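Notes to accompany the following structure.
The values are calculated or read from the model by the stated rules, or taken from the named source; none is laboratory data. Only a predicted model underlies this, so the values are computations on that prediction, with no experimental measurement involved. All Cβ positions, glycine included, derive from the backbone under ideal geometry; neighbour counts span all protein chains shown.
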Amino acid sequence: MAKILVVDDEPDMIWAITNVLLSENHSVVSVNSGEEALEKVEKVPVDLVLLDFRLPGMDGVQILEKIKQIRPELPVIMVTGYGGVEEAVQSIKLGAAHYIPKPFDNDHLIETVNKSLNVTRFKKEGIFEKRLMEKIVPDKSDHGKDVQPRIVRQPRPPGKGRFAAVLSSLGVLAALGAGTFWYLSPAVREYAVSAASVSGISWGNDRVWVSDWLSENIQTYQLRDSKMEFGAKFKLKGFHVTGLARGGEFLYTCDSWKKKIYKHDLDTSLTVLASYDSPGPNPSGLYYDDNYLWSCDGTTRMIYRHSLDADLTVVESFPSQGVFPVGLYHDDRDFWSASAVEKKVYTNLMDQRFAGGRTFSLPETLDVPQQISAFTVRNGTAWIAFEGVGKLYRVSLSRLKETPP
């Protein structure tokens, strides 16, 4: 079976987890500090890491980030404390395969570990690609020569939706773990991008700007004939961009690790012209409306309006309806925001200082299990990204379903 590294500073917790894993015939290596964990990852061929979020010295976020630098493919399951929603979201953004909140039962631990191991094995063995190719059957001419492959569309099982049909034919783990493709109704359009960890979406000059916090880059695309045409890529080494806004002659980004908001020149290097302290400890999204820059914070759950002065002064702040807001937009009437954790969209009334508003759920056809990682609105359509899925989804605002708060 698998060799699993358990990282926790509580001996009782290590003992309990180890015994559960041994009952599944896994072997266990345990350490009680981040430094030891990184040393094991470098020297020991472990198959999975169970990492406690709160450790002395280096915390779980720092350790997870360094593990992904050493072995990007190594699955890491974060163990978070009670109520650690923000911690869980942050770990998923850093590339964690799953998270387990304390307290957890043995069955949940075993299920999560085995799921992560199976997904990793499928990827290594090319099973995702193999199963996809099984849907492509080459036609033969009368002379026995191969011609262009044709797509064989599987009949939909009676009483099941398209998403259920995909899961039954490919396997639940493969569909959920790969995040490779989804069957969607025409009400939802999807566009592939090369950013797997999209953390921000912003439109400017008919181009969409997309940030990838894990790969530390920003990309631009242009929508042509219902396809996303790649434009440019900007490498921002050392920046973990968790939100961006294209505004005027500049680009604004935020970094929740550095707790900063940056103003960039639109040159080939996106040169930093100025940096500002974020009003909250975890900036998670930006929006520019020609007059003000707006930011949101995942920890404080606040939305801030900034004057475009030399200090980017906060002139107003409003509470966010959603847990961990990740995207912003406003028109003359409504201020829109999205919640990463709840996977809902909220509106507030601009002319009533955010009093009132509505709550919307995503269309049933947009049945992606990952959390929302970025959101904005353009020309009456919502643009949404999900963590770990290299696609942008376009949804008409009229297709959002209003729900009780």
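Structural remarks
- Elements of the type helices (runs of 4 or more DSSP H) sitting completely within segment 32-138 and holding at least 3 residues that are over 17 Å from Ile14 (Cβ atoms) and at pLDDT 80 or above: these cover 34-43, 60-70, 106-125.
Conditions tested, residue by residue: (1) surrounded by fewer than 18 Cβ atoms within 10 Å (Cβ to Cβ); (2) at pLDDT 95 or above; (3) of a type outside the set (A, V, I, L, M).
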residue: Val345; (1), (2), (3): no, yes, no
residue: Glu364; (1), (2), (3): yes, no, yes
residue: Ile372; (1), (2), (3): no, no, no
residue: Tyr393; (1), (2), (3): no, yes, yes
residue: Leu397; (1), (2), (3): yes, no, no
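- Residue among Leu273, Leu286 that alone is over 24 Å from Val61 (Cα atoms) and part of a strand (DSSP E or B): Leu273
- Lone qualifier among Asp289, Asp277, Asp332 - being more than 15 Å from Thr242 (Cα to Cα), surrounded by fewer than 19 Cβ atoms within 10 Å (Cβ to Cβ) and free of Cβ contacts under 8 Å to residues at least 24 places away in the same chain: Asp332
- When segment 338-375 is filtered for residues that are polar (S, T, N, Q) and closer than 19 Å to Val323 by Cβ, the ones remaining, listed by number, are Ser339, Thr347, Asn348, Thr359, Ser361, Gln370, Gln371, Ser373.
Each row is one residue, and each column tells you yes or no for (1) assigned to a loop (DSSP other than H, G, I, E, B); (2) more than 19 Å from Val377 (Cβ to Cβ).
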| site | (1), (2) |
| --- | --- |
| Val208 | no, no |
| Ser211 | no, no |
| Leu214 | yes, yes |
| Gly231 | no, yes |
| Phe234 | no, yes |
| Ala245 | no, no |
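- Listed by position, the strands (runs of 3 or more DSSP E) inside segment 319-363 whose residues that are aliphatic (A, V, I, L, M) and assigned by TED's automatic domain parsing to the domain that holds Ser202 number at least 2 are 325-330, 344-349.
For every residue, the table says whether it meets (1) within 19 Å of Lys401 (Cβ to Cβ); (2) touching a Phe, Trp or Tyr at 6+ places or on another chain (Cβ under 7 Å); (3) charged (D, E, K, R).
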residue	(1), (2), (3)
Tyr292	no, no, no
His330	no, yes, no
Lys344	yes, yes, yes
Met350	no, yes, no
Ser361	yes, no, no
Arg378	no, yes, yes
